[in-house]
Amino acid sequence: MIEGHKEIEVPAGVPVWDVDPYDPAVLSDPSDYYAELRAKGPFVYLSTYSALACGRYEETKEVFSDWERFVSSRGVGLQDFSLEEPWRPPSIVLEVDPPYHTKTRAVIERALSPKAVGDLKETFREAAGKLVDELLEKGTFEAVEELAETYPTTVFPEAVGLRENDRRRLVDYGEMVFSAIGPDNELRRNAMAKGPDVVPWIMEQCQRERLKPEGFGATIYAAAAAGEITEEEAGMLVRSLLSAGVDTTVAVLGSALWCLASNPGQFDLLKADPKLARWAFEETLRYTSPVHTFCRTANVDTEVSGVRIAEGTKVLCVLGAANLDESHWPEADKFDIGRRPAGHLALGAGIHGCVGQNVARAEGEAVLTAIANKVESIELAGQPVWRPNNSIHALARLPVTFRGA
Ligand code: OVV
């Protein structure tokens with residue numbers, strides 16, 4: 001066993017590479033690793049982890065979306081749940097396959113439906129306008145803490161219907177679940193050390209009586225009342241919202257600000273037409289891939305692009321590399337809000353594609369529209385610092401200056 005999964009042989013024709021994709025230095029600045037991964041071939045064998053990795057668009061999409069051959073029920077990190085006990089009871093939507101997945105996915109999809117999210121848009125816009133006004137007042141501020149973390153941890157717990165909010169615990173739980181999707185390295189162990197403080201609080205907030213009568217949580221519990229799922233399953237689906245809904249949106253908002261601050265020409269285009277906010281958000285997803293890597297596990301002996309993949313093989317699907325693949329994206333390394341990057345893999349693909357994407361887009365559009373309408377210029381006020389995480393690509397610090405009209 002290596003990192004909780006079966007040791008595999010190097011498939012014929014696959015280059016062996018000794019890079020550690022989970023080295024904090026690589027995680028903080030992954031573009032050379034992404035480029036080399038794509039250049040080496042459709043797959044590489046990572047000797048550090050005895051796993052395959054792919055970063056070209058076609059293969060990454062194929063492996064990531066084929067749930068029959070490449071299952072999620074054996075874990076979407078390096079650990080194979082059929083061989084090792086996971087750190088928490090597995091997610092009943094992320095870490096399962098059909099037919100069970102179909103049932104839980106339907107419930108969570110209903111809770112986060114376009115209609116449910118549409119009803120929140122005005123609240124999201126108001127919150128964004130107010131926050132951007134406050135930041136304009138400050139002028140120079142720390143955009144990760146004061147914008148990227150503040151905004152989602154204000155509007156999202158409210159949308160879920162949490163009676164109690166604890167920004168720090170929500171952010172720390174996100175850090176834990178996303179670092180868990182990786183090897184047992186120092187990053188993972190540091191994140192896990194917060195478990196005793198954070199996990200009981202999170203589990204408590206998932207209970208029916210801790211949720212308001214309106215919100216995503218209430219809709220999920222309504223499915224339990226209707227007999228579609230059990231109360232326990234409802235609690236687990238609320239846990240999924242709290243697992244996946246915070247660190248992802250924190251990451252993308254910080255990265256969007258970074259993209260606009262470092263590409264003033266693109267910010268000018270956004271200002272000239274604030275309706276481009278949704279495309280600026282989408283291009284930020286493609287360009288920065290807030291979830292950089294998730295794994296799948298081959299559940300059968302199979303073949304992709306002529307490469308034999310044995311049952312039990314862990315495949316790192318490097319979404320961040322696929323989203324910058326120059327053979328799929330013209331001028332892939334350019335942040336271009338005019339691009340309309342349909343088909344990017346930042347929200348995954350196939351049956352496990354991000355179920356919260358309507359919520360994420362509503363948050364992103366609200367914030368970017370408020371910025372486009374109110375802010376005259378965005379400038380970096382210091383060096384951006386990245387925050388290495390085993391599956392999230394996010395900034396730790398981003399000092400910026402907003403100037404108003
Ligand atoms: C880290 C993550 C992503 C998506 C879903 C979940 C967790 C979950 O707990 O369902």
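What follows is calculated from the coordinates using simple rules that are stated; it is not laboratory data. Keep in mind that what you see is a predicted model, and the values were worked out from it rather than measured. Backbone-built Cβ (ideal geometry, glycine too); neighbour counts: all protein chains shown.
What whole-number distance in Å separates the alpha-carbon centres of segment 333-361 and segment 368-385?
Comparing the Cα centres of segment 333-361 and segment 368-385, I get a distance of 22 Å.
Out of Q357, I371, V171, whose Cα points farthest toward the positive end of the dipole of the chain (charges: +1 Lys, Arg; -1 Asp, Glu; placed on Cβ)?
Value computed over the given set: I371.
Can you tell me which of 349-360, 203-214, 318-329 comes out highest on packing, and rank the rest after it, using the mean Cβ neighbours within 10 Å? Write out the running numbers ahead of the final one.
Details: 349-360: 19.2, 203-214: 15.2, 318-329: 22.4.
The most tightly packed comes first, giving 318-329, 349-360, 203-214.
If you add up the charges near L319, with Lys and Arg at +1 and Asp and Glu at -1, over every other residue whose beta carbon is less than 11 angstrom from its beta carbon, what do you get? Write down the numbers at each step before the final one.
Details: positive: K61, R286; negative: D325.
So the surrounding residues net to +1.
Roughly how many Å is it from the Cα centre of segment 135-168 to that of segment 70-126, as a whole number?
Each part's Cα centre sits 24 Å from the other's.
Which one, C54, L211, G182, projects farthest toward the positive side of the charge dipole computed for the chain from Cβ point charges (K/R +1, D/E -1)?
Toward the positive end, the furthest listed residue is L211.
Considering the options G161, A106, Y151, tell which one lies farthest towards the positive end of the dipole of segment 105-177, charges being +1 on Lys and Arg and -1 on Asp and Glu at the Cβ, about the Cα centre.
A106
Cα-based Rg of the chain per 2.2 N^0.38 Å, rounded to two decimals?
On the way: Rg = 20.5 Å, N = 405, 2.2 N^0.38 = 21.5 Å.
That works out to 0.95 for the chain.
In segment 2-52, which GluC sites (Glu not before Pro) are in a loop and have at most 16 other Cβ atoms within 10 Å, using DSSP for the loop call?
Values: sites: E3, E7, E9, E36; in loops: E3, E7, E9.
Those satisfying the criteria are E7, E9.
Based on the alpha-carbon gyration tensor of segment 332-378 and its eigenvalue square roots a ≥ b ≥ c, which shape applies: rounded if a/c is under 1.5, prolate if not and a/b is larger than b/c, or oblate? The partial results should precede the final answer.
Numbers: a/c = 3.65, a/b = 1.50, b/c = 2.43.
The shape class here is oblate.
Could you tell me which of rounded, prolate or oblate describes segment 128-216, using a ≥ b ≥ c as the square roots of the eigenvalues of the alpha-carbon gyration tensor, with rounded for a/c under 1.5 and, failing that, prolate when a/b is larger than b/c and oblate otherwise?
Values: a/c = 2.83, a/b = 1.20, b/c = 2.36.
Here segment 128-216 falls in the oblate category.
Running a GNM on the chain with Cα contacts under 10 Å, which residue among V199, V291, V246 ends up with the highest mean-square fluctuation?
V199
With a point put 7 Å past each Cα toward its Cβ, work out how far R167 is from K275 in nm, to one decimal.
Between R167 and K275, the label points sit 3.5 nm apart.
Output the pairs from K6/K61; K103/K194; K40/K334 with a Cα-Cα distance over 27 Å in this structure; if there are none, say none. Don't jump to the answer; show the numbers that get you there.
Values: K6/K61 24 Å; K103/K194 32 Å; K40/K334 22 Å.
Table pairs above 27 Å Cα-Cα are K103/K194.
Do you know the relative contact order of segment 83-198, to the nearest whole percent, from alpha carbon pairs under 8 angstrom that are 6+ apart? Could the numbers behind the result be given before it?
On the way: 38 pairs, mean separation 19.3, N = 116.
Across segment 83-198, relative contact order equals 17 percent.
Order by neighbour count: Y34, Y100, fewest other Cβ atoms within 10 Å first, most last. Provide the component values of the computation, followed by the final result.
On the way: Y34 23, Y100 12.
Ordered by Cβ neighbours within 10 Å, fewest first: Y100, Y34.
For S262, what charge total do you get from the other residues with a beta carbon under 14 Å from its beta carbon, if Lys and Arg give +1 and Asp and Glu give -1? Please report the intermediate quantities before stating the final value.
Details: positive: K334; negative: D268, E283, D333, D336, E379.
Result for the neighbourhood of S262: -4.
With the cut-off at 1.5 for a/c, could you classify segment 61-114 from its C-alpha gyration tensor as rounded, prolate or oblate? Mind showing how you got there, number by number?
On the way: a/c = 2.26, a/b = 1.41, b/c = 1.60.
Note, shape of segment 61-114 comes out oblate.
Before anything else, pin down the relative contact order of the chain: Cα pairs under 8 Å, at least 6 apart, normalised by residue count, whole percent.
Details: 741 pairs, mean separation 106.9, N = 405.
For the chain, the relative contact order is 26 percent.
Determine the relative contact order of segment 331-405: mean sequence separation of Cα pairs under 8 Å and six or more apart, normalised by residue count, in whole percent. Intermediate values should be presented prior to the final figure.
Working: 57 pairs, mean separation 17.6, N = 75.
It rounds to 23 percent for segment 331-405.
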